[in-house]
Amino acid sequence: MKRILIIIGSPVLLFFACGSNGASGDEGRHPKDKGAQLFSMHCSLCHGKDGGLGLNGAKDLRRSQLTAAEMKAIVLNGKGAMMPYKNALTPAEIDAVVAHVRSMRVNE
Ligand code: HEC
C-alpha cells in the first residue's frame, strides 16, 4: 500500500505596507549624481568625462574662470560651437549640470 502524501503548501501572501508612499518621491535623490549623469550624456562628447577634453575649441572646464551664473548662461544660450540647452534640458537639469561642472574644477 502506497501512501502518497500530497503536500500543498498554500502560498502565504504577505503584503508589507512600507511606510511612506507618495509625498516627495521623484525629487532629486542625489542632485550631484544627476548632474554627473547629465554631463556624461550631454556634455562629455565635447568636454570629456572630466571636463578637460576641449573638442572644437572648448575650453578646459576644470580651469574655467567663469562664475556659476556665467556658466549657466552659456549652457542656456550656447556659445561658438556649443549648442544652447535651454530647450533640451529643464532649468533644474541645467542647475544640476552646472553644479557638476563646478565640482570638477581644480583651483590652482
Ligand atoms: C558640440 C560640442 C559641445 C557640447 C556637446 C557641449 N559643449 Fe560646452 N563648449 C563647447 C565649446 C566649443 C565651447 C567654447 C565656446 C567659445 O568660447 O567659443 C564650450 C564652452 C563651454 C563653457 C564655458 C567655458 C569657459 O570657461 O569659457 C561651459 C561652462 C560649457 N561649455 C559647459 C557645457 C555643458 C554643461 C554642456 C552640456 C550640457 C556642454 N558644455 C556641452 C562645446 C560643447
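The values are calculated or read from the model by the stated rules, or taken from the named source; none is laboratory data. Since the structure is predicted, the reported quantities are computational estimates derived from the model, not experimental observations. Positions of Cβ are backbone-derived with ideal geometry, glycine not excepted, and every protein chain shown enters the neighbour counts.
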message: So, in the range 70-82, exactly how many residues are more than 18 Å from the chain's Cα centre (by Cα), among the hydrophobic types (A, V, I, L, M, F, W, C) and more than 6 Å from the ligand (Cβ to nearest atom)?
response: 1
query: If you go through the range 47-58 one residue at a time, do you hit one that is under 16 Å from Ser103 (Cα atoms), within 8 Å of the ligand (Cβ to nearest atom), over 20 Å from the mean Cα position of the chain (by Cα) and modelled with pLDDT under 95?
result: no
